[in-house]
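To start, the structure under review is shown below, and the notes come after it.
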Amino acid sequence: MLIPHDTRIALDTVVDLVNTAPESEPPRDDPADGLPDVAALYAFAERHHISGVGALGVRDLSAVRDVRARFAEVFAAPDPRTAADLVNRLVAAAGTTPQLTDHDGYDWHVHYFAPDASIADHLAADCGMALAFIIVAGEQERLRRCEAPDCGHAFVDLSRNRSRRYCSSRTCGNRLHVAAYRARRKEAAG
Ligand SMILES: [Zn+2]
Ligand SMILES: [Zn+2]
């Protein structure tokens, strides 16, 4: 699947956003929210180069958390129609204004957020359209949750054969491999 550069960036952003939610880490060993305050929201915006967000306040924080909850539902959607409905509502509420741009040395691409959009609307519009791109490509099932029992992180499976089961092969995948290996050895020994 060929994914445009800016779509890939927006997908990275939405995955990171969803994974700041404490709900995405059952059984809540660490219930701390990844976006506990406005400072964390600034850090998030900087980490993902979200431009033109201006001064952020507590209203932005709660609006972004609301959008985050909507995105979490998209990753939990059982089928493309459910995901499409969720994305449609998100994007409509954000008021998109598609604009071609080639800022900062990037090739031509489309920004969907309105010029004066709040950070919540910015995220809803651009990340929502990135998810729309995946659904249009018939790839909704690539929007996944990690299968490791105590993880549940959202991720986008961009593997060729859609075989990825864990948010990270280095952490969750490896952890489970080690556990399975130990279980096999124990069985063989017992
Ligand atoms: Zn851009
Ligand atoms: Zn995981």
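Things worth noting here:
- Positions within the range 6-37 being modelled with pLDDT under 80 and either in a loop (DSSP other than H, G, I, E, B) or open to solvent by 90 Å² or more (accessible area, probe 1.4 Å) (or both), in sequence order: E23, E25, P26, P27, R28, D29, D30, P31, A32
- Of all residues making up the range 134-145, the number that are surrounded by fewer than 16 Cβ atoms within 10 Å (Cβ to Cβ) and either within 14 Å of ligand 1 (Cβ to nearest atom) or part of a helix (DSSP H, G or I) (or both): 2
- Residue count, the range 80-95 (criterion: assigned to a helix (DSSP H, G or I) and in contact (Cβ under 8 Å) with a residue 12 or more places away in the chain): 10
- Consider the range 151-178 and keep the residues that are away from ligand 2 (no atom under 13 Å from the Cβ) and among the aliphatic types (A, V, I, L, M). The one that is modelled with the highest pLDDT is V156.
- Sub-8 Å Cβ pairs linking a first residue in the range 99-112 that is within 7 Å of ligand 1 (Cβ to nearest atom) to a second residue that is of a type in the set (D, E, K, R) and open to solvent by less than 100 Å² (accessible area, probe 1.4 Å), at least 6 apart or interchain, are Y106/D6; H109/D6; H109/D102; H111/D126, ordered by first then second residue.
- Candidate set from the range 38-66 (those that are out of contact with any helix residue (DSSP H, G or I) (no Cβ under 7 Å at 6 or more places or on another chain), assigned to a loop (DSSP other than H, G, I, E, B) and not polar (S, T, N, Q)); member that is surrounded by the fewest Cβ atoms within 10 Å (Cβ to Cβ): A55
- Selection of the range 146-180 for residues being within 18 Å of A21 (Cα to Cα) and open to solvent by 70 Å² or more (accessible area, probe 1.4 Å) yields E147, P149, D150.
- Complete set of residues in the range 42-76 that are out of contact with any His (no Cβ under 7 Å at 6 or more places or on another chain) and within 16 Å of ligand 1 (Cβ to nearest atom): A45, E46, R47, H48, H49, S51, G52
- Residue-level analysis places V136 outside the set of residues that are at pLDDT 90 or above and in contact with a Lys or Arg (Cβ under 7 Å, 6 or more places away or on another chain).
- Extreme residue, nearest to D6 (Cα to Cα), among residues of the range 77-121 that are open to solvent by 70 Å² or more (accessible area, probe 1.4 Å) and hydrophobic (A, V, I, L, M, F, W, C): W108
- Checklist (1) within 15 Å of ligand 2 (Cβ to nearest atom); (2) among the small types (G, A, S); (3) part of a helix (DSSP H, G or I) applied to A69, failing item: (1)
- Taking every residue in the range 155-169 that is among the β-branched types (V, I, T) and pairing it with any residue that is within 16 Å of ligand 1 (Cβ to nearest atom), at least 6 positions away or on another chain, the pairs with Cβ-Cβ distances below 7 Å are V156/L11.
The values are calculated or read from the model by the stated rules, or taken from the named source; none is laboratory data. Just so you know, these numbers come straight off a predicted model, no measurement behind them. Positions of Cβ are backbone-derived with ideal geometry, glycine not excepted, and every protein chain shown enters the neighbour counts. Only protein heavy atoms, including side chains, enter the accessible area calculation; ligands, DNA and RNA are left aside. Shrake-Rupley method; radii C 1.70, N 1.55, O 1.52, S 1.80 Å.
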